[in-house]
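The values are calculated or read from the model by the stated rules, or taken from the named source; none is laboratory data. All figures in this text were calculated on a predicted structure; none of them were measured in a lab. Reconstructed Cβ throughout: ideal geometry from the backbone, glycine too, with neighbour counts over all protein chains shown.
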Amino acid sequence: MEIIVQTASKSYPIYIKSNGLDELANVINKNNYTKLLIITDETVGRLHMETLRTAVPDNLDYSVCTVPSGEQAKQMSVFESCLTYALEQGLDRKSCIIAFGGGAVGDLAGFVAASYMRGISFIQVPTTILAHDSAVGGKTAINHPLGKNMIGAFHQPDAVIYHTDFIKTLPDHEVRSGFAEAVKHALIADPKLLDMLMAEIVDLHSITDEQLIHVLQRGMEIKAEVVSVDEKESGLRAILNLGHTLGHVIESSLGYGKTTHGEAVMVGIVFALHVSKEVLGLSFQIHQFEKWVEVLSYKLEIPKNLSFDEAFKGMQRDKKTIAKRPRFVLLEAPGKPVLMEVEEQVLKNIFHTMKK
Ligand code: NAD
Ligand code: ZN
């Protein structure tokens, strides 16, 4: 399966196959890179580096930079050490960085590529489900002690190569995290996909290769469509934020590492569905949806120690907020998202109902 992403700055292919790495040599040969630097994390490196090595053409010089797993990869110090390593290895303007891992490695390696010599090529080889979201759109970033993703750049890859066999080693909570973003993509743009998911996926362990490829493909197509209209996030791109206004607040209130991003977003999605019903009269079986995601082992709880006042302050810090009034992505119907302000009292009532 191949998708072409078209942005104002560039167009590039996404390949999604169980043996997607078969495409790597073609992409590398087509672009005539002088050298490769593979950036991966400890976990992915340990589990899958040998498979990646076999896919790199024999005649090309490459080196590997291994960074800590998870969000730790996005530290300033790690970013600097990757740049140092790239300089030591003699990468030049025609070299290419391979981001081999989940969204964290993708964000870090993409930003290394965006800044090294004012920008060199990179290829995304994502290994998580969530990365179907992060690998499309060209946002790259690292964290600052004062805020997540605060330092970064827009930099589009030369290709995204999903070798879906890598996903088989992903732990359950990471599967749930990524699948939540796929459900989000279905809700904002593809009601048919949502129906299919709700009818067919009853256990995330038994998801077939075919279903996984379909979910990743549609998720990436939807994201690519939105991004192609709004590459630099001036308007439409905000609809990708469904579930994230409350989701981010829950993620930070529990503390990063206590829940995954997508699991927190799933609570935010359910919250946004209830708000949509209240203010827009959304006609949708929310109760059935809640039951379904609970069967998939999502916990739809707002943390006990998170008060509404605290949550509201958190929502006011959201980047969609204007003049302290939080704005939400809501649904008029599945596939019809709108961005709008919501009265504090409405949010408060639904927050308290969900907390019970
Ligand atoms: P991640 O990259 O931290 O990976 C999660 C964990 O799974 C890590 O411990 C990793 O080592 C491990 N892992 C990865 N692949 C594995 C595999 N195949 N088998 C076993 N373990 C594996 O997390 P993520 O959820 O993929 O991405 C989250 C990051 O993505 C966040 O930093 C977020 O800010 C970023 N993000 C960026 C964008 C964007 O547009 N750039 C969008 C969404 C999220
Ligand atoms: Zn997200």
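Given the criteria over 26 Å from Ser206 (Cβ atoms), out of contact with any Asp or Glu (no Cβ under 9 Å at 6 or more places or on another chain), in contact (Cβ under 8 Å) with a residue 12 or more places away in the chain and not assigned by TED's automatic domain parsing to the domain that holds Leu236, does Tyr162 qualify? Spell out how you get there, then give the answer.
On the way: over 26 Å from Ser206 (Cβ atoms): no; out of contact with any Asp or Glu (no Cβ under 9 Å at 6 or more places or on another chain): yes; in contact (Cβ under 8 Å) with a residue 12 or more places away in the chain: yes; not assigned by TED's automatic domain parsing to the domain that holds Leu236: yes.
For Tyr162, the condition - over 26 Å from Ser206 (Cβ atoms), out of contact with any Asp or Glu (no Cβ under 9 Å at 6 or more places or on another chain), in contact (Cβ under 8 Å) with a residue 12 or more places away in the chain and not assigned by TED's automatic domain parsing to the domain that holds Leu236 - is not met.
Looking only at region 106-159, count how many residues are polar (S, T, N, Q), away from ligand 2 (no atom under 16 Å from the Cβ) and touching a Leu at 6+ places or on another chain (Cβ under 8 Å).
The number of residues fulfilling the criteria is 2.
Could you list all residues from region 168-186 that are over 19 Å from Glu225 (Cα atoms) and more than 11 Å from the chain's Cα centre (by Cα)?
Lys168, Thr169, Leu170, Pro171, Asp172, His173, Glu174, Val175, Arg176
In region 137-153, which residues are touching a strand residue (DSSP E or B) at 6+ places or on another chain (Cβ under 6 Å) and more than 7 Å from ligand 1 (Cβ to nearest atom)?
Answer for region 137-153, where residues must be touching a strand residue (DSSP E or B) at 6+ places or on another chain (Cβ under 6 Å) and more than 7 Å from ligand 1 (Cβ to nearest atom): Gly138, Ile142, His144, Met150, Ile151, Gly152, Ala153.
For region 300-333, name all the residues that are basic (Lys, Arg) and at pLDDT 95 or above.
Once the filter is applied, which keeps residues that are basic (Lys, Arg) and at pLDDT 95 or above, region 300-333 yields nothing.
Please give the strands (runs of 3 or more DSSP E) falling wholly within region 60-136 in which 2 or more residues are at pLDDT 95 or above and closer than 23 Å to Met220 by Cβ.
Values: elements: 62-67, 96-101, 121-126.
Those strands (runs of 3 or more DSSP E) span 96-101, 121-126.
Is it fair to say Val227 is away from ligand 1 (no atom under 15 Å from the Cβ) and assigned to a helix (DSSP H, G or I)?
no
Would you mind stating whether Ser283 is away from ligand 1 (no atom under 16 Å from the Cβ), among the hydroxyl-bearing types (Ser, Thr, Tyr) and closer than 26 Å to Ala333 by Cβ?
Working: away from ligand 1 (no atom under 16 Å from the Cβ): yes; among the hydroxyl-bearing types (Ser, Thr, Tyr): yes; closer than 26 Å to Ala333 by Cβ: yes.
Yes: the conditions hold for Ser283.
Which one of the conditions (1) in contact with a helix residue (DSSP H, G or I) (Cβ under 7 Å, 6 or more places away or on another chain); (2) more than 16 Å from ligand 1 (Cβ to nearest atom) does Thr259 fail to meet, given that it meets all the rest?
Going through (1) in contact with a helix residue (DSSP H, G or I) (Cβ under 7 Å, 6 or more places away or on another chain); (2) more than 16 Å from ligand 1 (Cβ to nearest atom) one by one, Thr259 breaks only (2).
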